[in-house]
1. Among the numbered criteria (1) crowded, with 19+ Cβ neighbours inside 10 Å; (2) in contact with a Ser or Thr (Cβ under 8 Å, 6 or more places away or on another chain); (3) not small (Gly, Ala, Ser), which single criterion is violated by Leu103?
2. Among the residues of the stretch 115-129 satisfying the criterion of being surrounded by 12 or more Cβ atoms within 10 Å (Cβ to Cβ) and not in a loop (DSSP other than H, G, I, E, B), which is modelled with the lowest pLDDT?
3. How many residues does the stretch 1-38 contain that are of a type in the set (A, V, I, L, M), loosely packed, with under 14 Cβ neighbours inside 10 Å and touching a residue at least 60 places away in the same chain (Cβ under 8 Å)?
4. Mind listing whichever residues of the stretch 21-39 are out of contact with any helix residue (DSSP H, G or I) (no Cβ under 9 Å at 6 or more places or on another chain) and either part of a loop (DSSP other than H, G, I, E, B) or at positive phi (or both)?
5. Does the stretch 39-60 contain at least one residue that is under 17 Å from Lys4 (Cβ atoms) and exposed (fewer than 15 other Cβ atoms within 10 Å of the Cβ)?
Amino acid sequence: MGTKVILDTSVLIGHIRNKNKHDTLFSKIIHLHKPLISEITAFELLIGKTAANQDFIESILKNIEHLPFNHSSKLKAVEIYVDLKKRNKLIQPPDIFIAATALSLNIPLATHNIKHFSRIEGLQFFSYL
């Protein structure tokens, strides 16, 4: 399997909402790479679970490796928060936690929310070409 890629919640929601499931970033990643999710993404999926997306979310949670938000992630999140606040460019805490997980493990992030995540210095993005 290809490179490890952390999936942001936006990639999974994009897949859920897209009628053409074969043409989503999620579909492209899972066939060629090693998808991972942070525990923060798992949390976001669970609080957004509905009857319509329940099967997909349960499958993701069961079949894709979860990355913990650990001590290293926490320290990186504090660093990111302080930097963003200093520059008056804060983003939502869950996005900071997801980015901190990716940075602390040096794994690229796949997201549809480049606008917010690009504020975080050093974060690598997964690009599907």
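1. Condition not satisfied by Leu103: (2).
2. Of everything passing the filter in the stretch 115-129, His116 is modelled with the lowest pLDDT.
3. 0
4. His33
5. no
The values are calculated or read from the model by the stated rules, or taken from the named source; none is laboratory data. All values derive from a computational prediction rather than experimental measurement. We place every Cβ from the backbone using ideal geometry, glycine too, and count neighbours over all the protein chains shown.
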